[in-house]
Structures are given as structure tokens and as C-alpha cells.
Amino acid sequence: MPFDILPHLPLLTVTVIRFVLVTSVSLHILLTKRNTSSAIGWIGTCVMMPALGTILYLMFGINRVRRLAKKLVSGRSTHRFQAIQNSSWNRELDGQFAPLALMVSKLTSRPLVGGNCISCLHDGDGAYPHMLAAIDGAEKSILLCSYIFRNDTIGRQFIEKLAAAQKRGVQVRVLVDGIGSGYFISGVYRHLKKLGIPCARFMHSMLPWRMPFLNLRNHRKILVVDCKIGFMGGLNIADENLILRKPKNPVSDTHFKLEGPVVRQLAEAMAWDWYFATQEELEGDIYFLEHEGEGESIARIVTAGPDTDLEKIEYTMLQAITLARKQVRVMTPYFLPGSRLLSELALAALRGVQVDVIIPRKSNHPPLDWACSANISPLLDAGVRVWLVNPPFNHSKLMVVDRAWSCVGSSNLDIRSLRLNFEINMETYDVTLAGILDDFMIRHRNQRLTHHDLDKRHKLTKIRDAAARLFMPYL
């Protein structure tokens with residue numbers, strides 16, 4: 001309803017309209033919102049501004065994704081999931097992390113699988129050659145998902161390899177985010193479509209009533225070739241990740257090459273995203289063939305998103321921190337977790353666990369840095385050690401507990417990532433890999449952040465940071 005109409009209507013009519021709007025929206029909020037603060041905020045907005053508040057709630061407050069996901073799940077075949085549950089590579093654990101393994105099995109409905117080989121790759125310089133070589137060697141299928149996929153020099157190399165693979169008969173599917181890879185103009189999407197490569201933009205729409213999808217992005221980075229070789233982690237596809245070429249705004253990152261049964265779980269996650277975006281169900285051995293074990297690592301894929309996987313990565317992390325005995329080390333580009341994760345890290349430090357949080361000295365999103373500065377004091381009070389990483393900006397997302405368990409992938413430690421975005425992580429019970437990642441994080445502890453550093457900020461800076469903190473769920 002146009003706002004200029006209300007003042008010209010009879011007072012009784014205006015009152016009735018406002019009452020109906022506030023009541024109907026409030027009832028919907030009470031029935032659907034799990035977060036109390038969010039519910040109170042939306043109801044308050046609608047009470048104060050009935051017309052504008054209703055429009056804002058319809059645009060940004062309703063989670064239509066979960067409703068769509070449930071509809072799609074009800075119509076989707078389950079035989080592949082049954083095959084995964086019956087795999088000969090499924091494993092069970094004893095010892096310290098057995099409760100975690102059991103909990104995540106129930107949480108994700110995915111089993112732990114052994115026989116995997118997991119390689120750690122750093123930056124585009126280390127990861128892109130392996131990814132391009134895998135695409136070159138593809139025989140049956142290529143599944144690629146990337147939040148950012150630029151149509152720049154390295155992006156065009158990937159496009160050329162994908163086009164060549166399709167020409168030799170490989171089934172190629174590419175999924176890019178509707179905002180991360182360009183909202184108004186997506187060069188890579190246009191290029192792929194021009195070459196006839198099946199490509200989709202995840203939840204992209206120019207329609208105003210679908211604008212809530214601005215808050216629900218596919219942040220996953222997945223490449224699966226022949227269901228035999230997989231890649232996942234934090235690395236996007238862009239020239240800025242080629243550190244050795246000294247780009248203007250370099251972004252350092254960590255990615256992982258996977259071989260073994262866990263690749264099938266990675267392929268399933270990508271196939272679900274493709275189905276979610278296009279309603280095309282990928283089937284057959286060309287996409288989901290289980291290959292022989294390639295190594296000794298035990299691993300599992302954990303997905304999270306505002307659909308049927310709500311907060312599963314965060315729950316996994318919380319349980320792992322609870323079981324920590326000696327050390328918890330976390331490296332993340334953006335650190336704005338909610339109260340649960342903050343409390344669990346603080347409690348671990350208070351019971352004598354050495355907790356290190358490693359963040360960039362300066363990220364590529366200044367408002368996130370401002371809010372972080374205003375939100376981190378309780379951790380310092382509890383004895384958590386916060387470290388700053390020198391440039392270039394490090395985009396790695398790593399977590400290691402007791403040098404034995406690791407969680408790696410696309411998820412940042414902020415509310416948007418843990419609750420609103422579609423993310424994919426991998427948990428591994430591999431002492432060797434955990435040691436490698438732990439040593440990597442130790443090497444990046446360049447400067448310790450102290451209370452003195454926070455206190456010496458200018459008064460206006462503190463006010464700015466505190467104001468930014470109010471927008472934590474949306475940063």
C-alpha cells in the first residue's frame with residue numbers, strides 16, 4: 001500500500017488497517033521465529049511502523065528457503081542416501097571424540113568414512129593447478145560450485161577447461177551464487193551460457209518480493225570430478241587468490257584436495273544444491289560412483305544452511321569445543337559468532353584449555369572488523385588468546401582441537417555464515433592433518449590482541465565499533 005494513501009483515509013479505517021497488519025505479522029512471527037531477539041525486533045518494528053514494517057518483514061524476515069527445501073526433499077529419491085549408509089567404508093570411533101562422532105552422525109545422517117587421502121593446498125597458486133589438472137583428466141562428470149567465480153584471467157582458464165571437457169563428452173554442471181558472482185551482471189554466467197555449458201545462479205532474482213534471498217547465499221566451494229577427486233575449502237575462483245602474481249588486493253586461503261569415499265558425500269552436497277537451484281536431479285554412476293579408498297583419513301561432510309541443515313556446522317563446533325582437553329585453535333577471516341560459540345570458547349579457556357583465535361589484522365570488510373573489536377572483550381576476560389595475522393588478508397577457515405580433530409571448509413565464524421548462508425565443512429579425525437593445520441595456524445600468530453589495544457582506541461572509534469556490533473546478524 002503506498003504510504004501517501006494512509007493520511008487521507010478515515011481515522012477508523014487507518015486504525016483497522018494498522019491493527020490487521022500488526023496482528024497478522026506478529027502472529028506469523030510468533031509461529032515461525034525461533035530466535036527470541038529476532039522475534040522481538042520484528043514485532044517492535046511492525047508496531048512502530050505498521051506499513052513499512054510489514055513490507056520489510058515480507059522482504060527480509062520470512063525464511064522461504066526452508067519451506068522450499070522441505071517440498072523438494074519430499075519429492076526426491078533416497079536410494080543414493082541408502083547406498084551411502086550401507087558403504088563398506090563406514091567407520092565408528094572410540095575414545096575422546098566418540099561422543100562427537102556419534103552426535104554428528106545423528107545430526108547430519110551421514111556416516112564417517114575411512115580410506116580417504118586429504119591434501120592441504122594454500123592459495124590459488126597451490127590449488128588452481130591441481131583443480132585444472134583434475135578437470136583436464138575428467139572422463140564422465142564435473143560438478144563445480146563457487147560463491148565467487150570471476151570472469152578474469154584465472155576464471156577464463158577454468159571456463160576453457162570446462163568447455164573442453166564438455167566437448168569430449170563429460171557431463172558438466174556449474175553453480176555460482178546469485179550475488180557473489182555478480183548480481184546485476186555476471187560475466188562468468190554469461191560466458192558459460194554462451195558456450196552451452198549448463199550453469200545456474202543460486203537464488204538470483206530481480207523481483208522485489210524475492211529480495212530476502214539477499215541474506216541467504218550459497219557460500220560453498222565445491223569441485224568434484226568423476227566422483228573420484230574432490231576439492232573444497234575457502235578458496236574462490238579469482239585472480240586475487242594468486243598471491244605470487246602480486247594482485248592489487250591479495251587474498252590468501254586454504255583449500256583441500258580429497259580422494260576416497262568422502263568425495264561421494266561432497267558430490268551429494270553439490271547435487272542437492274543443483275537440484276535446489278534447477279530442480280534437475282543428477283543420477284547415475286557418472287556422478288555418484290563410490291571409488292576405492294586412497295588413504296587412511298576418516299572424514300565426513302557437514303553441510304549447513306537456512307533450510308533442512310540449520311546450524312549443523314555450529315553444533316558440530318560446539319560439541320568439539322566441549323570435548324577439548326588441551327587446545328582449541330581457530331582461524332577465521334571474520335569473527336562475529338553468536339553468544340553460544342562465544343560462551344563455549346570462554347568456558348573452555350576458563351577450565352584450562354588453551355584457546356587461540358586467529359584473525360586478520362585487517363579484513364576486506366571494515367564493518368566486520370569494527371564489530372569484532374566491540375564484541376571480543378568477553379573472550380579476553382576469560383583468557384582466550386586472540387592473535388592478529390599480518391597481510392595479505394587470510395581467508396582460511398580452520399579449526400583444530402587437541403591436534404587430533406579438524407573442521408575445515410567454507411564457514412566463517414560469524415552469525416551470517418553459521419545461520420543464514422549455505423555452507424559446507426568437513427570434519428576429519430586425522431592426527432597428521434590436524435598437526436599440519438595446527439602448525440600452520442601457529443605460524444600465523446603474528447601479534448597478540450590485548451585489552452590495552454582495545455582501550456587505547458579513540459572514543460569515536462569505540463562508538464563506531466559499538467554501533468557496528470548492533471548489525472552483527474547482517475554483516
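Structural remarks
- Here is the list for region 116-184: trypsin sites (Lys or Arg not before Pro) lying in DSSP coil, each with at most 15 other C-beta atoms within 10 angstrom of its C-beta, are 168.
- Taking the Cα centre of the chain as origin and assigning +1 to Lys and Arg Cβ atoms and -1 to Asp and Glu Cβ atoms, the resulting dipole is close to 1280 debye.
- Relative intensity, log₁₀ I(q)/I(0), of region 255-304 from a Debye sum that treats every alpha carbon as a point, q = 0.14, 0.18 Å⁻¹: -0.40, -0.63
- Qualifying trypsin sites (Lys or Arg not before Pro) in region 244-278, DSSP loop, other Cβ atoms within 10 Å at most 16: 248
- When only the Cβ of Lys, Arg, Asp and Glu is charged (+1, +1, -1, -1), the dipole of region 346-475 relative to its Cα centre reaches about 600 debye.
- Hull-based mean projected area of the chain, where the convex hull spans the alpha carbons, in square nanometres: 24.3
- nm² value of the averaged projected area, convex hull over the Cα atoms of region 165-286: 9.3
- Net charge contributed by nearby residues that have their C-beta within less than 11 Å of residue 374 (K/R +1, D/E -1): +2
- A dipole drawn for the chain from +1 and -1 charges on Cβ atoms has a positive end, and of 11, 158, 117 the residue lying farthest that way is 11.
- Adding -39500 (n - 2.57) for every DSSP H run of four residues or longer, then dividing by how many residues the chain holds, sets the calculated 222 nm ellipticity at -12500 deg cm²/dmol.
- For region 270-282, putting each phi into the Karplus relation 6.51 cos²θ - 1.76 cosθ + 1.60 with θ = phi - 60° gives couplings of 5, 5, 5, 4, 5, 5, 4, 7, 10, 6, 8, 8, 7 Hz, in residue order, rounded to whole numbers and with x for Gly and Pro.
- Region 365-411: translational diffusion in µm²/s, Stokes-Einstein, Kirkwood Rh over Cα pairs, 37 °C, 0.692 mPa s: 252
- 1.4 Å probe accessible area per residue over region 365-469, in Å²: 39
- Anisotropy class of region 430-475 from Cα gyration tensor, a/c 1.5 cut: oblate
- Ellipsoid semi-axes for region 321-475, based on the Cα gyration tensor and the rule √(5λ), read 24, 17, 15 Å when sorted largest first.
- Anisotropy class of region 351-390 from Cα gyration tensor, a/c 1.5 cut: oblate
- Gain in span if fully extended, residue 31 to residue 327, counting 0.36 nm per residue against the direct Cα distance: 102.5 nm
- Counting protein heavy atoms only, the chain has 58 percent of its accessible area on carbon and sulfur, 1.4 angstrom probe.
- Subset of 362/456; 140/194; 167/248; 312/397; 161/194 violating a 26 Å alpha-carbon distance limit: 167/248
- For region 214-353, fraction of C-alpha pairs farther apart than 24 Å, in %: 48
- Close amide H pairs (under 5 Å, H built 1.01 Å from N) link residue 202 with 176, 177, 178, residues at least 5 positions away or on another chain.
- Ranking 301, 200, 132 by Cα position along the charge dipole of the chain, where only Lys, Arg, Asp and Glu carry charges on their C-beta atoms, puts 200 farthest toward the positive end.
- Taking the Cα centre of region 260-397 as origin and assigning +1 to Lys and Arg Cβ atoms and -1 to Asp and Glu Cβ atoms, the resulting dipole is close to 1220 debye.
The values are calculated or read from the model by the stated rules, or taken from the named source; none is laboratory data. Everything numeric here is computed off the predicted structure, so don't read it as measured data. Glycine also receives a Cβ, built like all others from the backbone with ideal geometry; neighbour counts cover every protein chain displayed. Surface accessibility is based on the protein's heavy atoms, side chains included, excluding ligands, DNA and RNA. Shrake-Rupley method; radii C 1.70, N 1.55, O 1.52, S 1.80 Å.
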